[in-house]
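Structure first, commentary second.
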Amino acid sequence: MEGSVRCSANYVPLSPLSFLERAAVVYADRTAVVYGDKKYTWRETRDRCIRMASALVQLGITPGDVVAVLSANVPAMYELHFSVPMTGAVLSALNTRYDSAMVSVLLKQCEAKVLFVESHFLKIAQEALELVSDSVAAATPLLIVISDSDDFGREISSADASHVLEYETLLSTSPPQFEIRWPLDECDPISLSYTSGTTSRPKGVIYSHRGAYLNAIATILFNDITTMPVYLWTVPMFHCNGWCLAWGMAAQGGTNICIRNATAKVVFDSIALHKVTHLGGAPTVLNMIINSPITERKPLPRKVGVMTGAAPPPPHVMSKMEELGFHITHAYGLTETYGPATVCAWMPEWDSLPLDERAKLKARHGLRHIGMEEVDIKDPVTMKSVPADGRTIGEVMFRGNTVTSGYYKNLGATEEAMAGGWFRTGDLGVRHADLYIEIKDRSKDIIVIPGSGEKISTIEVEAVIFSHPAVLEAAVVGRPDDDWGETPCAFVKLKNGANATAEDIIDFCRSRLPHYMAPRTVIFEDLPKTSTGKTQKFVLRERAKDLG
């Protein structure tokens, strides 16, 4: 329009780095980070980030370089979410469950110039770097150790001292002045998040400053996270940058309660000690809380908000959490959508419904959050939307500003995932009459009975098994069958001290499901998991095949 201009007065590239700059002024003397007996204010946190950014530049880090980190949820891990992007570099937070071979593969793929490693994972890092050094095509990253010990020299005795520095020492010797390298383009990369790799080699998912900014704000809003919350870090920060709340907490001047290991006792103790207002976790974390011994529980000082996602939570689990005093917000997304992309937006008229009905409604995956432009359930071939009848299954697809920029060094995979102008998730779902979506299964997990056209959602069967009083965990996969093509096979872990037979589980399911959906086989054993709480169904499918 005539008279309008775009200039530095009215346009600044979006970046979550601005959240920290504001927090250091607005919430300067309020507590930003707590870890055991360590506490840092927002002014101190910003100062520490500036010093580390300065140190990285002195070590030769330039815009576009990748800086990797292998660490639990400790203060340094939080700070690196700001200090690394301040240099124009890209943060790649690696899964702490990966072994040295996988870490070496990812370090070579992303060509990391520096690897920060918490001392608990030092052996894995050293072995990974040895594998990298054996490759003529890859340079060995500089190693910086995040140490909880005063005896740093002992911790690195077996490492090459010329390639090893220590985090706090580096901070204390770094200049306190540094000019932040703000992105020239808000679509510049801010982080590189690897998929969980449940079925294949992990893919590097590129996040932009713009996407991280928008998803952080969206996540804050749909979780009703008001100013100065107290957030307990039960979600690994390496997982979608803590569902973007590593940046989001700075936007609201929150207090980050850092913990290394999330156990039920640690959760209840932390809530009581720090007056926690919010936390997050996969359904496995919720399951851990509701099945914790009475001796480990403490009354909640107030209702605690819990964001859950990563896998569809059984209604039984969510209703038990509500009974304990937690308020559940159910979100859905993928690494490729910066974590949360939809939310089961709650309507006040649902509050008067019985608990089990509320839990069923809350188990749905809802509608897009404000940062995502569209979510739809489509026929993956015709790309037409399926009817909103709660029955017709299609593929969940997204388009919007919080969809990944693409897969690192894998243009083919990027183009395949975004064919037709939508991001194809590979998840199958339905849309209800109120337009809320509900995930039924991964496309590779759904069980199809040849000839009949019947499709069995393993998620629906799992939800029923979960409601059995003796069951702690359950997963259902298809087992090859000469007559039916495939039949449901349930892998079940019982609660400590509980007893149930395969016949008990099958009869329980048949009384609550159509008979064709009930499992024909039940195996009692521990379930293989990824570090983010997802059951590795590809492992279980192989076991089911071996049953004969």
ask   = Per the helix-only calculation at 222 nm, which mean residue ellipticity applies to the chain, given -39500 (n - 2.57) for every DSSP H run of n ≥ 4 and division by its residues, nearest 500 deg cm²/dmol?
value = -9000 deg cm²/dmol
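Counting other C-beta atoms within 10 Å, which of 369, 432 has the fewest, and how do the rest follow? Could you put the intermediate results ahead of the total?
Numbers: 369 26, 432 14.
Ranking 369, 432 by Cβ neighbours within 10 Å, fewest first, gives 432, 369.
What number in nm² do you get for the stretch 10-116 if you take the convex hull of its Cα atoms and divide its surface by four? The partial results should precede the final answer.
Working: hull surface 32.2 nm².
Mean shadow area of the hull around the Cα atoms is 8.1 nm².
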remark   = Rounded to two decimals, the Rg over Rh value of the stretch 17-209 from Cα coordinates and the Kirkwood Rh reads 0.95
ask   = Contour minus end-to-end for residue 379 and residue 184, with contour as 0.36 nm per residue of separation and end-to-end as the Cα-Cα distance?
value = 66.3 nm
ask   = Cα axis of helix 100-110 to longest principal axis of the chain: angle in degrees, 0 to 90, nearest 10?
value = 70
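Based on Cβ point charges of +1 for Lys and Arg and -1 for Asp and Glu, what charge dipole magnitude is obtained for the stretch 447-546 about its Cα centre, in debye rounded to the nearest 20? Let's see the in-between values first.
Working: 13 positive and 15 negative charges, 74 e Å.
Charge dipole of the stretch 447-546: 360 debye, to the nearest 20.
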query = Scattering from the C-alpha atoms of the chain alone, worked out with Debye: what is log10 I(q)/I(0) at q = 0.09, 0.12, 0.13 1/Å?
reply = -0.69, -1.22, -1.40
query = Roughly what % antiparallel, to the nearest 5, for the DSSP beta bridges in the chain?
reply = 55
request  = Compute log10 of I(q)/I(0) for the stretch 262-442 with the Debye formula, placing one identical point scatterer on every Cα and leaving out solvent, at q = 0.14 Å⁻¹, to two decimals.
outcome  = -0.81
Two-site label geometry, residue 357 and residue 470: point separation in nm, points 7 Å out along Cα→Cβ = 3.2
task = Would you mind calculating the gained length between residue 221 and residue 8 on full extension (0.36 nm times residue separation, minus the Cα-Cα distance), in nm to one decimal?
result = 73.9 nm
message = I'd like the orientation of helix 42-58 relative to the chain: the angle between its Cα long axis and the longest Cα principal axis, in ° from 0 to 90, rounded to 10.
response = 70
key: Nearest 10 degrees, 0 to 90: helix 537-546 Cα axis against the chain principal axis   = 40
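Please rank 243, 182, fewest neighbouring Cβ atoms within 10 Å first, as an exposure proxy. Each step should come with its number before you reach the end.
Details: 243 24, 182 17.
Ascending Cβ contact count within 10 Å gives the list 182, 243.
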task = Only bridges with both residues in the stretch 1-155 count here: give the DSSP antiparallel percent, nearest 5.
result = 25
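Test of understanding: what is the full-extension gain from residue 133 to residue 481, defined as 0.36 nm times their sequence separation minus their Cα-Cα distance? Don't skip to the answer; put the middle values down first.
Details: separation 348, 0.36 × 348 = 125.28 nm, distance 4.83 nm.
Value of the extension gain: 120.4 nm.
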message = Longer than 19 Å from Cα to Cα, which of 493/529; 265/362; 320/360 are they? Say none if no pair is.
response = 265/362
key: Inter-probe distance in nm under a simple model that places probes 7 Å from Cα toward Cβ, at residue 297 and residue 416   = 4.7
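What do you get for Rg/Rh over the stretch 209-353 if you use C-alpha atoms and the Kirkwood form of Rh?
Values: Rg = 14.4 Å, Rh = 15.4 Å.
In the stretch 209-353, Rg relative to Rh is 0.94.
Roughly what % of DSSP beta bridges within the stretch 262-442 run antiparallel, to the nearest 5?
Values: 22 of 31 bridges.
Taking every DSSP beta bridge with both residues in the stretch 262-442, the antiparallel ones total about 70 percent.
Taking neighbour Cβ counts within 10 Å as the exposure measure, how do 194, 40 sort from fewest upward?
Working: 194 23, 40 19.
Neighbour counts put them in this order, fewest first: 40, 194.
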inquiry  = List the pairs from 440/537; 275/303; 303/495 whose alpha-carbon separation is above 18 Å, in the order I gave them.
reply    = 303/495
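A short reminder: the numbers here are calculations on the coordinates, not readings from a lab. Note that the structure is predicted; figures quoted are calculated from it, not measured. Using ideal geometry, Cβ is built from the backbone for each residue, glycine included, and neighbour counts are taken over all protein chains shown.
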